[in-house]
Structure formats: C-alpha cells, structure tokens
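Readers should treat all values here as calculations from the given coordinates under stated rules, not as data from a laboratory. Since we're looking at a predicted model, the values are computed, not measured. For neighbour counting, all protein chains shown are included, and Cβ atoms are generated from backbone atoms with ideal geometry for every residue, glycine included.
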C-alpha cells in the first residue's frame, strides 16, 4: 500500500508548525463556512456577556476544512486555554478523568475524531457535560460505590468526520451541531492569496485561482499545494508565482488541473481498463488496486464521488460520463 501520499491527512511536527502559521487569527480572517462562523460567533459573544463557559459544540465534516482552526479562535475569543486531544488517544477512563479535573473555568477541550472514543470512556463525558461532575464507580459487585468529583465549567468541542458514528447519548448533549461543507474555488483563492502574503511570496490572481481549483475544496490541501509551488518558485529564483509555475509544479507533483493525483487516476483507469467502466464490486476493485478497502472508501472515493467521476450502485462502482471523459483526456 502507498504511504506518505501527498494528500494524506497525516502531519509531522514541521507540517503542524507551518499549518499553525497559516491558520486564521480572528473570525474576520476565517474565510468560508459563513453559517458555521456566525453561529459560533454568537455563542462566544453570549458566553462572554454571561461570563460563563460557552455551550458544548459538535463540528462535523470532511478533514481539512478548518474545525481545529475554529476551535483555536473560540478559545482565543473566550480568553481561555485550549486543550487538544485525539479521541483514539484516550484509552482509559482515568486518562479522560485526569484531563477533565485539570481544566480551569471556561477552558476549551477539543477532542478530534471524537467518534473513535471507546464507549466506556465516552460515558464519563455525560455527567461532565451536563452537571460538570464526574461519576466514578469504585470497586465491584455489592461493595461498589459511586464517587462524585466536581470539575470546572468548561466547553467541549467535538470534531468528527463521521457524525453518524457518534452514540445518541453523546450527540444529544451538544447544544450546537454544525456541519462544515467543502469550499468554493473563489473562497479557496482568497485563502491562498492571504497565505501567500504570510509566506512572503507574490502570487498572481490566475495562479491563485488555479491552486484553488485543484485543491479538492479543502483549505489544508490548498495550503500544501501553495507551499510546494512556493518551493519550486524559490528554487528557480523567482519571487512571484505565476500560472505557468503552478502548472509546472502540479505536473511534478502528479496532480492534474482537476485536483486528481496519481492514485485517483489509477482507480478510474483500473475500472475503465479492467472492468469496462464498471460496475465492479469494491472487493474486486481493491484486490486489483492492491489497497485496503477502508483506504479506498475513506481516502480516495469521497472526492471522486463528490465530483461525479464515480457512481456507487448496488452492483458496485461505475465510471460516470465525466469519469470516462477524464480518462480519455488524460
């Protein structure tokens, strides 16, 4: 299976530092997701007026659309500390209990991939979210007893790419449930132009729009493409990125003008060449590609389906007219 894919969501420390540098520093700088930002802004203002913790909020949507960035802005606007943790990293009840008891009043706890928390760990959150207390069971059998520990009023922000996997008891305890949609090219172009200035390099308007068009509607990918194009420009001794430089860079990265990379095109080509355009069962397709089913369904397919290159039918995956046309052109 391929690793270190350019469009992978896995980041190393250097990537995280660079992405933090490019994150919006205020609500006015947060481009797109207008409905989500307006709701959050009202919730923050209300919490500041009441001088209380903001209501718990669930942010859902595909990765890379700004859920973590928005959590950082919420914490900054509340004047509180942000605690970041990943759901799968919380393995025991004691781990979560330790985190909750160390929170200060009005702190923000951000749990990424919250749907991947174990149900036994998740249960601790129920009383903590509603009554700001922990109900800890000590012992077993007839001698078991419950101990209550008070926690400071806090705000829980849960982020998930699969909101349907959240248990109903947890989902209903969030006062706000907001969904992130993919960005439009003009919104991404605006983000790219702002971040090009932060990186200290010039960017022609058409070049910024072309980067936006091949970024899959995702700011994280747009920023990565921008940084790679910036690298190519600097190596060539240029201080400004033009459209020609973008096309040259995308070609070296094996990304086409539609934002499809080599693996995306391979999926379309395999369905076209081996299965006559489909339909083909997912197991047969994965066996031919040499990829795990979860990788194909979670990493590659969503964008191909969203953009209409693939059609998912009861009999399997099938190329759409758009997919067939893309294969013939490439």
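Would you mind calculating the gained length between residue 313 and residue 292 on full extension (0.36 nm times residue separation, minus the Cα-Cα distance), in nm to one decimal? Net length gain for the segment: 5.6 nm. What's the angle, to the nearest 10 degrees (0 to 90), between helix 67-78's Cα axis and the longest principal axis of the chain? Between the helix axis and the principal axis of the chain, the angle is about 40 degrees.
Among rounded, prolate and oblate, which fits region 143-296 when a ≥ b ≥ c are the square roots of the eigenvalues of its C-alpha gyration tensor, a/c under 1.5 means rounded, and a/b larger than b/c means prolate?
Values: a/c = 2.86, a/b = 1.34, b/c = 2.14.
Cα axes put region 143-296 in the oblate bin.
Taking the three principal axes of the alpha carbon atoms in region 21-164, the coordinate ranges are 57, 32, 26 Å, sorted in descending order.
Give the percent of DSSP beta bridges with both residues in region 106-195 that are antiparallel, rounded to the nearest 5.
Values: 6 of 11 bridges.
Around 55 percent of the beta bridges assigned by DSSP in region 106-195 are antiparallel ones.
The ranking of 147, 117, 43, 263 from fewest to most other beta carbons within 10 Å of each one's beta carbon is 147, 263, 43, 117.
What does the C-alpha gyration tensor say about the overall shape of the chain? Classify as rounded when a/c is under 1.5, otherwise prolate if a/b is larger than b/c, or oblate. Display every interim value, and only then the final one.
Values: a/c = 2.47, a/b = 1.46, b/c = 1.69.
Oblate, since a/c reaches 1.5 and b/c is not below a/b.
Taking R0 as 25 Å, what's the FRET efficiency between residue 305 and residue 190 from their Cβ-Cβ distance, rounded to 0.05?
Values: r = 26 Å, r/R0 = 1.06.
So, using R0 = 25 Å, E works out to roughly 0.40.
Helix 262-275 axis versus longest C-alpha principal axis of the chain: approximately 70°, rounded to the nearest ten.
For the chain, the longest principal axis of the alpha carbon atoms and the long axis of helix 243-252 meet at an angle near 80°.
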